[in-house]
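Please treat every number below as a calculation from the coordinates, not as lab data. This is a predicted model, so every value here is computed, not measured. Cβ coordinates were reconstructed from backbone atoms using ideal geometry, including for glycine residues, and neighbour counts include every protein chain displayed.
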């Protein structure tokens, strides 16, 4: 059940990041899920490095969306 929850939250984060973020056209359910999950991982470790989150605590929804937007911006920057 935990895996289904991760996929669902990853999809929601990916959708919001796709809607707000830079113009990288990503299509498909699984790509959106991967962008959302990767954004959450980026936000968690980046927040821990900056002292925003304690070790072992995950990033929140907004932090995950920001991490996914950063990921989309990096893909657009280096993807060309």
> Using a Förster distance of 25 Å, how high is the FRET efficiency between residue 55 and residue 29, based on the Cβ-Cβ distance and rounded to 0.05?
Replying inline: 0.20
> Under the rule of -39500 (n - 2.57) per DSSP H run of 4 or more residues, summed and divided by the residues of the chain, what mean residue ellipticity at 222 nm is obtained, to the nearest 500 deg cm²/dmol?
Replying inline: -25500 deg cm²/dmol
> Under Stokes-Einstein, with the Kirkwood radius over Cα pairs standing in for Rh, what whole-number D in µm²/s applies to the chain at 20 °C and 1.002 mPa s?
Replying inline: 172 µm²/s
>> Given contacts defined as C-alpha pairs under 8 Å and at least six residues apart, what's the relative contact order of the chain, whole-number percent?
In response: 36 percent
>> Using a 7 Å offset from the Cα along the Cα-to-Cβ direction at both residue 15 and residue 74, what is the distance between the two label points in nm, to one decimal?
In response: 2.5 nm
